[in-house]
Every structure is written in C-alpha cells, then in structure tokens.
1. List every residue pair whose Cβ atoms lie under 6 Å apart, where the two residues are 6 or more positions apart in sequence or sit on different chains, the first residue falls within segment 183-194 and is of a type in the set (Val, Ile, Thr), and the second residue, located anywhere, is surrounded by 15 or more Cβ atoms within 10 Å (Cβ to Cβ) and part of a strand (DSSP E or B).
2. Could you check, for segment 56-75, whether at least one of its residues is among the basic types (Lys, Arg) and not in a loop (DSSP other than H, G, I, E, B)?
3. Taking only segment 162-187 into account, find how many residues are in a helix (DSSP H, G or I), modelled with pLDDT of 95 or more and among the small types (Gly, Ala, Ser).
4. Condition check: within 21 Å of ASP74 (Cα to Cα), at pLDDT 95 or above and in a loop (DSSP other than H, G, I, E, B). Does PHE102 satisfy that?
5. Can you give me the number of residues within segment 68-83 that are at pLDDT 95 or above, surrounded by 16 or more Cβ atoms within 10 Å (Cβ to Cβ) and under 18 Å from the mean Cα position of the chain (by Cα)?
6. Right, GLU89: within 28 Å of ARG32 (Cβ to Cβ), open to solvent by 60 Å² or more (accessible area, probe 1.4 Å), under 16 Å from the mean Cα position of the chain (by Cα) and of a type outside the set (A, V, I, L, M) or not?
7. Quick check on ARG133: is it part of a helix (DSSP H, G or I), closer than 30 Å to SER45 by Cβ and not aliphatic (A, V, I, L, M)?
Amino acid sequence: MATILRDWSYRYQWLYDGISRLAALSVGGEARFRQLALQGLTIHSDSQVLDLCCGSGQTTEFLVKNSQNVTGLDASPKSLQRARLNVPEASYVEAFAEEMPFADNLFDVVHTSVALHEMQPQQLRKIINEVYRVLKPGGVFTLVDFHAPTNPIFWPGISVFLLLFETETAWELLKTDLAELLAKTGFEVSKSTLYTGGSLQVIQANK
C-alpha cells in the first residue's frame, strides 16, 4: 500500500509535476522522458492519435505538435480539466481505458505513458485488447512504463518510489512480460528498449 504521498500527488498538481520532473532526471529530463515512446515514430499532421490515460496532458503537449487529430482519454475528470487548460489543441474523452467509446480501426497511433502499472492484471489484458481493436491495421501502440531493473543498483531507488507513490499493481507489472502479453494479443513487437538500469521500458508494437 502506498503512503499518503500518492494521494497528495494526485490532489496537488505542483507536487505531481515536481515528482515527475525529479523522476525524469534519470533519462535526461522531463521533455526527453515524455518523448521516449515517440522516438522513431512517423506521425503526420492528419494522423489519428490517441493519448491513452493522458492525465494532465504532459505527453499530449508533444503529440499535438505533430498531429492535428489528437484525442486524450482519461477516467479522471480532474485530470481532463487540467489537460484542457494545458493543451487545448487536443480533444478529450472521459472514459475507462478498458471500455473505450471509439469505433474499430480508428487510430494510427495509441500512446500511453506510465499508466499500465495502475491496472489490475485482468484490467490490463482488457485494455490491451481494446487498444488492438481501436488501432487501424498497421497502426502502432507505443508505451513507456516501469520494468524490473536489470542492474541491481537501481532496485533500491525504484523500490522506494513504488513504496511511496504506487500500489501493488505496480509491483505486479514488474513481474509481467508486457511484450509477450502484446504478442499474445496479436501485436508484432517492433521495438523494446530499457532505460535507467532496466527500470523503465519502452515498447512499440504494430497491429
């Protein structure tokens, strides 16, 4: 169980932003972190892009620089309120990621950033199935999230972070092979890269 710091980080935007910036230093800063999952992608001005679990629009801000058709989806009304203020160029939908109100084969790119670790295992599988459904054939699902460190030096840092700010679902993700889960759903994993001693993973997978 996480501490009260988790609740505060979601309640107070300044605290959430501060934590995000501090954590992002491990990969060279927040701007680089927010674009890790976008590296190597070709996004055109007319590409249909979904920022899944968009939060307050931290990555949405970068997506709208490439496409005029960016949709942010989140289940939190408070987060979407912030996102609309931070990135008014995108459109927003309040919904759960495992029950997306979109047609089949709609998006060219679906992106999500450090959100899948919030999901229970069964919920995670439903979300991946939904992403597969709403992506166009040949579309890309790109994500960044936690990973079990491959360098033991990084275990203390990620352990303290998860204890303070996350719940048991984050620990469960460390034991989950996301690439294998995506492949079982029908995706073809085209890129799988580890950062920060293996404690962060970036995966890009094609439908």
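The values are calculated or read from the model by the stated rules, or taken from the named source; none is laboratory data. Quick caveat: nothing in here was measured; it's all calculated off a predicted structure. Neighbour counts are summed over all protein chains in view; Cβ atoms, including those assigned to glycine, are modelled from backbone coordinates with ideal geometry. All accessible areas refer to the heavy atoms of the entire protein, side chains included, with ligands and DNA or RNA removed. Shrake-Rupley method; radii C 1.70, N 1.55, O 1.52, S 1.80 Å.
1. Within 6 Å, the pairs are VAL189/ALA205; THR193/VAL202.
2. no
3. Total satisfying the criteria: 2.
4. yes
5. Of the residues in that region, 7 qualify.
6. Spelling it out, it is not the case that GLU89 is within 28 Å of ARG32 (Cβ to Cβ), open to solvent by 60 Å² or more (accessible area, probe 1.4 Å), under 16 Å from the mean Cα position of the chain (by Cα) and of a type outside the set (A, V, I, L, M).
7. Taking the combined requirement at face value, the residue satisfies it.
For (1) among the β-branched types (Val, Ile, Thr); (2) touching an Asp or Glu at 6+ places or on another chain (Cβ under 9 Å); (3) under 23 Å from PHE165 (Cα atoms), each residue gets a yes or a no:
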residue: PRO88; (1), (2), (3): no, no, no
residue: ALA95; (1), (2), (3): no, yes, no
residue: PRO101; (1), (2), (3): no, no, no
residue: HIS111; (1), (2), (3): no, yes, yes
residue: VAL114; (1), (2), (3): yes, yes, yes
residue: MET119; (1), (2), (3): no, yes, yes
residue: GLN123; (1), (2), (3): no, yes, yes
residue: ASN129; (1), (2), (3): no, yes, no
